[in-house]
Amino acid sequence: MTSEALTSSDYIRHHLQNLTCGFQEGHFHCAHNAEEAKAMGFCALNIDTLGVSLILGLVFLFFFHRVAKSVAQGVPGGSQNFIEWVIEFIDNSVRGSFSGRSALVAPLALTVFIWIFLMNLMDLIPVDYIPFVAEQMGVGHFKVVPSTDPNATIGMAIGVFFLVVFYSVKIKGLGGFIGELTLQPFGKFGLPVNIFLEGVNLIAKPISLALRLFGNMYAGEMIFILIALLPWYVQWTLSLPWAIFHILIVTLQAFIFMTLTIVYLDMAHQEHH
């Protein structure tokens, strides 16, 4: 798919359209445009988001598992040094932000950081490469960056939200959790205000996680798409500096999502008095 074959608006819409498939009128098919995707309703699946996320997760697990099985006692190789550095970095982050005791938080933080980093890193692939390959295979749309799909970021944020609620109830008990929602910060006489404030605070956690990651990655992808609409000699002038700068955004957004996950779990382990 080349920008010359489409108008600018069509080109942008094409690159922002997921490969959405689902059941409609009893038949399973894939949408050709945003209107068809919307008509499929809630049960439609963004196949590209799910597929790329799954592949990246398997790559992450395979690479770390392979390095773990070949750990050297003497002088470690480059892969082992890199993995040990990443684990030490995550461990220091957890120690600095999490004051409780849990065997889940550090592995979860490692998974969140690496998986989201790999998702974000796909944004550095030139915007026309994967859609062109997909088109040659008969697939009309294919978005290769899962974190530019709000369904993916909201799904991950909801997973973190359920963990926060689970540990809040586990550590404080159901009564303690409900007490925080109803009695903080103004006591029993401020019950309606307490419920409103604490409810908003609780719901804002997954929303902020999801929208922060999605918004930053979506903006980065949009800039790459706009650069691709320019003449080729301007593209090379702008795309390389933006790609280099975008590496910082890719890493920073994964780190922020991981750090906020740790902080929210730490808050779930703390009791208010």
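Taking the chain, the Cys residues with no second Cys beta-carbon under 4.7 angstrom are C43.
Here region 48-269 is treated with +1 on each Lys and Arg Cβ and -1 on each Asp and Glu Cβ, and its dipole about the Cα centre works out to around 640 debye.
Across q = 0.12, 0.13, 0.14 Å⁻¹, region 53-172 modelled as identical point scatterers on its alpha-carbon atoms has Debye log10 I(q)/I(0) values of -0.63, -0.72, -0.81, in the order of the q list.
Counted over all Cα-Cα pairs of the chain, pairs farther apart than 34 Å make up 33 percent.
Here, region 98-163 is characterised by an Rg to Rh ratio of 1.14, where Rg is the alpha-carbon radius of gyration and Rh the Kirkwood radius. The distance linking region 27-67 with region 218-259 is 23 Å (Cα centroid to Cα centroid, whole angstrom). Extension gain for M137-E84 works out to 15.1 nm (0.36 nm per residue, less the C-alpha to C-alpha distance). Between T259, T153, T182, the residue with the greatest mean-square fluctuation in the GNM of the chain (Cα pairs under 10 Å linked by springs) is T182.
Using a ≥ b ≥ c from the Cα gyration tensor of region 149-194 (square roots of the eigenvalues), is it rounded, prolate or oblate, where a/c under 1.5 gives rounded and otherwise the larger of a/b and b/c decides, a/b for prolate? Here region 149-194 falls in the oblate category.
For region 180-266, the alpha-carbon radius of gyration amounts to 1.70 times the rule-of-thumb value 2.2 N^0.38 Å expected for a compact globular protein. Converting phi to 3J(HN,Hα) with the Karplus coefficients 6.51, -1.76 and 1.60 and the offset θ = phi - 60°, region 221-235 yields 5, 4, 5, 4, 5, 5, 5, 5, 7, 7, x, 4, 6, 7, 4 Hz in sequence order, with x at every glycine or proline.
The relative contact order of the chain, computed from alpha carbon pairs under 8 Å that lie at least 6 residues apart in sequence, is 25 percent.
Evaluated at 37 °C with a viscosity of 0.692 mPa s, what Stokes-Einstein diffusion coefficient in µm²/s does region 93-231 have when Rh comes from the Kirkwood expression over alpha-carbon pairs? Diffusion coefficient, whole number: 181 µm²/s. For the chain, a Gaussian network of Cα nodes joined below 10 Å ranks A34, A157, A228 by mean-square fluctuation, and the top entry is A34.
We did not get these values from a lab; they are worked out from the coordinates using the rules stated. Not measured: the values here are computed from a predicted model. Ideal geometry is used to build each Cβ from the backbone, glycine not excepted, and the neighbour counts take in all protein chains shown.
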